[in-house]
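Colleague: Here it is, the structure, as structure tokens.
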Amino acid sequence: MLVLVTYDVMTKTSAGQKRLRKVAKECENYGIRVQNSVFECVVDATQLKQLKLKLNEIINDKEDSLRFYQLGNNYKSKIEHFGAKPTFNVEDTLIL
């Protein structure tokens, strides 16, 4: 299934900046960055659960927020892209 992961991390302190880097790094393990704080991730139910647990361990729930939008398996008709960044197939192999 395709899941859109978005986050907002308070970066006024060095601890917040560190959390931001950790959240982004963890998201990179599961998907592709499509905006500054937005990732498209093709995951199964187990991977989604793992991602949620890992990200919730990183964030400060009093200052930061996470959102997960589950677009499902039939997501191709639900996505439109306009603008500068090139589109890509999120199901292609990720090269790290």
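Colleague: What ³J(HN,Hα) values, in whole Hz, does the Karplus curve 6.51 cos²θ - 1.76 cosθ + 1.60 give for segment 51-65 when θ = phi - 60°, with x put for Gly and Pro?
Modeller: Those phi angles translate into 4, 4, 4, 4, 5, 5, 6, 7, 6, 9, 5, 8, 10, 10, 9 Hz.
Colleague: Sticking with this structure for a sec: So which GluC sites (Glu not before Pro) in segment 1-73 are both in a DSSP loop and have at most 10 other Cβ atoms within 10 Å of their Cβ?
Modeller: The qualifying sites: there are none.
Colleague: Further question: Want the number for I79 to E63: 0.36 nm per residue separation, take away the alpha-carbon distance, what's left?
Modeller: Fully extending the segment from I79 to E63 adds 2.8 nm.
Colleague: If you roll a 1.4 Å probe over segment 1-54 with all protein chains in place, what percent of the accessible area is carbon or sulfur?
Modeller: About 50 percent, which is the carbon plus sulfur part of the accessible surface.
Colleague: Turning to a different aspect of this structure: With the cut-off at 1.5 for a/c, could you classify segment 1-77 from its C-alpha gyration tensor as rounded, prolate or oblate?
Modeller: The shape class here is prolate.
Colleague: What spacing in nm lies between the two simple spin-label points modelled at D8 and I32, each 7 Å away from Cα in the Cβ direction?
Modeller: Rounded to a tenth, the inter-label distance reads 2.7 nm.
Colleague: Sticking with this structure for a sec: How about K78: which lysines have a C-alpha closer than 30 Å to its C-alpha, ignoring those fewer than 8 places off in the same chain?
Modeller: Here the lysines satisfying the reach criterion relative to K78 are K22, K25, K49, K52, K54.
The values are calculated or read from the model by the stated rules, or taken from the named source; none is laboratory data. Since the structure is predicted, the reported quantities are computational estimates derived from the model, not experimental observations. Ideal geometry is used to build each Cβ from the backbone, glycine not excepted, and the neighbour counts take in all protein chains shown. Ligands, DNA and RNA are excluded from the accessible area calculation, which covers all protein heavy atoms including side chains. Shrake-Rupley method; radii C 1.70, N 1.55, O 1.52, S 1.80 Å.
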